[in-house]
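Participant: This is the structure, below, for whatever I ask next.
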Amino acid sequence: MNTHHSFVAERRAAQHCAELLNRLPDPALLMPALERAGERLARLLAPAFAALLGGDDPDVTVAAPAETDLTGLADMVGPLAASSLVSAGRPGLNLLASVDGEAMLRLVDRAFGGRGEAGGPLPRSFPLSAELMIQRVETLLAASLAEALGQAELGPVRRASSLTDLAPFAPDARLCVLQFALREGNQAPLKLLIALERQRLPDLLGQGEPAPRRAVAPADPATAPFADLPLPLTATLVDLRLPLATLATLEPGMVLPVAVARAVPLAIGSTVVARGTLGAQDDRIAIKLTQLAEGNARQ
């Protein structure tokens, strides 16, 4: 029997490219996962915005995810809105977080002691008095988004009051949008939305479950950059309380008897961090620490 043969392949062997072997899920299949992420975010927004809306958790509703283009997104956002482009930690993976302009002005009015009313037609841009409130809302949204999506950190890239100025996405991009309404009592709802490019859904959601959060080492206040941060320390030598009648008759030359506290409190802002007794060192008044506040004492 002849065991020597020349074998010739009948056809070329199949070869699979890496793109097929590592194919990401179809973005359309991830819409239910996006909807679940929206529901998680809605549950987080209620306590996050409670302090801004009066103290009680508002009722938060979220609409089903919608698909649109940049023109449709502009109609949803409106001519004035506090819009921020937020980076999700991967190159090109950005989210748009936008709060309705009228709602933002109502928050500013309430922060300055008003009744939470915008009043009159909307301006073309936000006043300077709204900047701190916009930053605060942006921080709340970024933190809530990070927790809802299982991301370690989300950071704002830039913000603008006009979607045209912000230019968050390419003109031809297909977008996925989540719309939320936060309602407190009979007040008009605070409307906000989250949007991202449809093709980036697999990058954000993967198979639909949030990625595990990376462990973050606790910050050490004794190391940089915190160690060199200057903090004003206040020593209260006298805490003097006078009746209003005496205050009304104050004049130069009056002598007010005071008693210096035996345990002088040292505070940073309104937080007492230590206590001590008065003394002298090198012809200067000094304080000898006798007690550290609980939590500040070193073991």
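The values are calculated or read from the model by the stated rules, or taken from the named source; none is laboratory data. As the structure is a computational prediction, the values presented were derived from the model and not from experiment. Please note: Cβ atoms are built from the backbone with ideal geometry, for glycine as well, and neighbour counts cover all protein chains shown.
Participant: Quick one: how many residues across region 156-195 are of a type outside the set (S, T, N, Q) and over 23 Å from L70 (Cβ atoms)? Please lay out each step first, then the result.
Facilitator: We begin by selecting, within region 156-195, every residue of a type outside the set (S, T, N, Q); these are 156-160, 163, 165-178, 180-185, 188-195.
Restricting the remaining residues to those that are over 23 Å from L70 (Cβ atoms) gives 182-185, 188-190.
Of the residues in region 156-195, 7 are of a type outside the set (S, T, N, Q) and over 23 Å from L70 (Cβ atoms).
Participant: A follow-up question, please. Got a number for residues in region 262-277 being exposed (fewer than 15 other Cβ atoms within 10 Å of the Cβ), closer than 12 Å to T236 by Cβ and touching a residue at least 12 places away in the same chain (Cβ under 8 Å)?
Facilitator: Of the residues in region 262-277, 1 are exposed (fewer than 15 other Cβ atoms within 10 Å of the Cβ), closer than 12 Å to T236 by Cβ and touching a residue at least 12 places away in the same chain (Cβ under 8 Å).
Participant: Does A46 meet the test of being at pLDDT 70 or above and in contact with an Asp or Glu (Cβ under 7 Å, 6 or more places away or on another chain)? Explain how you work it out, then say what you get.
Facilitator: On the way: at pLDDT 70 or above: yes; in contact with an Asp or Glu (Cβ under 7 Å, 6 or more places away or on another chain): yes.
Judged against the criteria, A46 is a match.
Participant: Right, another one. Of the residues that sit in region 78-95 and are crowded, with 22+ Cβ neighbours inside 10 Å and among the hydrophobic types (A, V, I, L, M, F, W, C), which one is nearest to G155 (Cα to Cα)?
Facilitator: Residue satisfying both the conditions and the ranking: V86.
Participant: Collect the residues in region 154-182 that are over 26 Å from P127 (Cβ atoms), among the charged types (D, E, K, R) and in contact with a strand residue (DSSP E or B) (Cβ under 9 Å, 6 or more places away or on another chain), keeping them in residue-number order.
Facilitator: Correct list: R174 only.
Participant: Another question, if that's okay. Could we say that R115 is part of a strand (DSSP E or B) and either within 20 Å of the chain's Cα centre (by Cα) or assigned by TED's automatic domain parsing to the domain that holds R43 (or both) here?
Facilitator: On the way: part of a strand (DSSP E or B): no; either within 20 Å of the chain's Cα centre (by Cα) or assigned by TED's automatic domain parsing to the domain that holds R43 (or both): yes.
So R115 does not fit the description; no.
Participant: Which of the numbered conditions does L175 fail, given that it passes all the others? Conditions: (1) within 20 Å of the chain's Cα centre (by Cα); (2) farther than 23 Å from L52 by Cα.
Facilitator: (1)
Participant: Would you mind telling me which numbered condition in (1) closer than 20 Å to A64 by Cβ; (2) at pLDDT below 90 Q151 fails?
Facilitator: (1)
Participant: Mind checking whether some residue in region 161-168 is closer than 21 Å to A188 by Cα and touching a Gly at 6+ places or on another chain (Cβ under 8 Å)? Please lay out each step first, then the result.
Facilitator: Narrowing region 161-168 to residues closer than 21 Å to A188 by Cα: 161.
Within this subset, residues satisfying the condition of being touching a Gly at 6+ places or on another chain (Cβ under 8 Å) are 161.
The answer is yes, given that some residue of region 161-168 is closer than 21 Å to A188 by Cα and touching a Gly at 6+ places or on another chain (Cβ under 8 Å).
Participant: Quick check on region 280-299: of everything there that is surrounded by 10 or more Cβ atoms within 10 Å (Cβ to Cβ) and over 39 Å from the mean Cα position of the chain (by Cα), which residue is nearest to T236 (Cα to Cα)?
Facilitator: The residue in question is I287.
Participant: If you go through region 83-138 one residue at a time, how many are free of Cβ contacts under 8 Å to residues at least 12 places away in the same chain and within 25 Å of L196 (Cβ to Cβ)?
Facilitator: 2
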